[in-house]
Amino acid sequence: MRLILFAATEFEIAPTLQFLKDQALEDQVQVALTGVGLMAATYRIAKAVGTQKPDLMLQAGLAGCLDTNLPLGTTAAVLRETVGDMGVLQNTTFTTVFDLGLMRPNEHPWQGGKLVNGHEDLLKQTGLPLVDSVTVNEISTAEDRISYYKHGLQAGIESMEGAALHYVGLMEDIPFLQIRAFSNYIGERDKSKWALDGAIEILNLELQRQLAKIVAL
């Protein structure tokens, strides 16, 4: 199996990089660091797909929680993605490109304006809870924008790269998984209240567990 592991930064998956080395899995799991943000991630993922032709793509990283019922320092797999800031802000109302009629919400690869991971068996095999996510280019701090993502888009978490994986995976018909660990609640900028270290630890433990299962298949 040709597997590519994507992450925005080395910092997020450093323990897993050592795990791959220690377990002599570097030849079986290719690692690609995409950089931060939607554009960089889309470019790096698309380029890796074009050159390496993977059978499976796995993206791992931290995420902020929009849903305060999600405990910090835990992990989940992403079922549905969308892009939160693709549209126009008029006065205080945000209108998506779908509502503007610039894109059709069910035009491939979109389903109702979402990028849905339809690989149900793959998601089930992770044993992880499923969440919906929104990808943004600007980390959210404004209450109205946070409310829109949470209530308007029904997103539970926020990242800056997730939609890139879903978009490329759906366009290229390549199975994919996005695994996120929750480090903070969106809008909370006091980092003493974040669970950054715990999220990094649990992300890598879960990532290593998933990789061990996948490689053994």
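Diffusion coefficient of the range 89-147 by Stokes-Einstein, Kirkwood radius over Cα pairs, 25 °C, 0.890 mPa s: 172 µm²/s.
To the nearest 10, the accessible area of SER147 is 50 Å² with a 1.4 Å probe. Helix 196-216 and the longest principal axis of the Cα set of the chain meet at an angle near 60°. Rounded to the nearest whole Hz, the Karplus-based 3J(HN,Hα) values (6.51 cos²θ - 1.76 cosθ + 1.60, θ = phi - 60°) of the range 186-191 follow the sequence 4, x, 8, 9, 7, 5, with x at glycine and proline. Within the shell of other residues whose beta carbon sits under 13 angstrom from the beta carbon of SER140, the net charge comes to -3, with Lys and Arg scored +1 and Asp and Glu -1. Relative to its Kirkwood radius, the Cα radius of gyration of the range 70-217 gives an Rg/Rh of 0.99. Solvent-accessible surface of the range 37-136, averaged per residue with a 1.4 angstrom probe and all protein chains in place: 49 square angstrom.
Beta bridges from DSSP with both residues in the chain: antiparallel share about 30 percent, rounded to the nearest 5.
Would you list, by chain and number, the lysines whose Cα falls below 20 Å from the Cα of LYS213, excluding same-chain residues fewer than 8 positions away? Output for LYS213: LYS21, LYS124.
The range 142-159 to the range 42-106: how many Å between their Cα centroids? Comparing the Cα centres of the range 142-159 and the range 42-106, I get a distance of 12 Å. Taking the 0 to 90 degree range and rounding to the nearest ten, how far is the long axis of helix 162-172 tilted relative to the main principal axis of the chain, both from C-alpha atoms? So the helix axis and the longest Cα principal axis differ by about 70 degrees. With R₀ fixed at 35 Å, the C-beta to C-beta distance from HIS108 to PHE11 puts the FRET efficiency at about 0.50. Mean projected area of the convex hull spanned by the Cα atoms of the range 41-113, taken over all viewing directions: 7.4 nm².
Taking the protein heavy atoms of the chain in the context of the full set of protein chains, the accessible area attributed to carbon and sulfur is 51 percent at 1.4 Å. Each Lys or Arg adds one and each Asp or Glu takes one away; over the other residues whose Cβ falls under 12 Å from the Cβ of GLN52, this sums to +2.
Proximity of backbone amide H atoms, modeled 1.01 Å from N, is registered between ASN137 and ASP85 at under 5 Å, excluding neighbours fewer than 5 places apart on the same chain.
Counting only alpha carbon atoms, the long axis of helix 10-22 and the longest principal axis of the chain meet at about 20°. Considering the convex hull of the alpha carbon atoms of the range 36-76, report its projected area averaged over all viewing directions, in nm², one decimal. Taking a quarter of the hull surface, the average projection is 3.9 nm².
The values are calculated or read from the model by the stated rules, or taken from the named source; none is laboratory data. Small disclaimer: the values here were computed from a predicted structure and weren't measured. Methodologically, a virtual Cβ is constructed for each residue, glycine included, from the backbone with ideal geometry; neighbour enumeration extends over all protein chains shown. Accessible surface areas use protein heavy atoms only, side chains included; no ligands, DNA or RNA. Shrake-Rupley method; radii C 1.70, N 1.55, O 1.52, S 1.80 Å.
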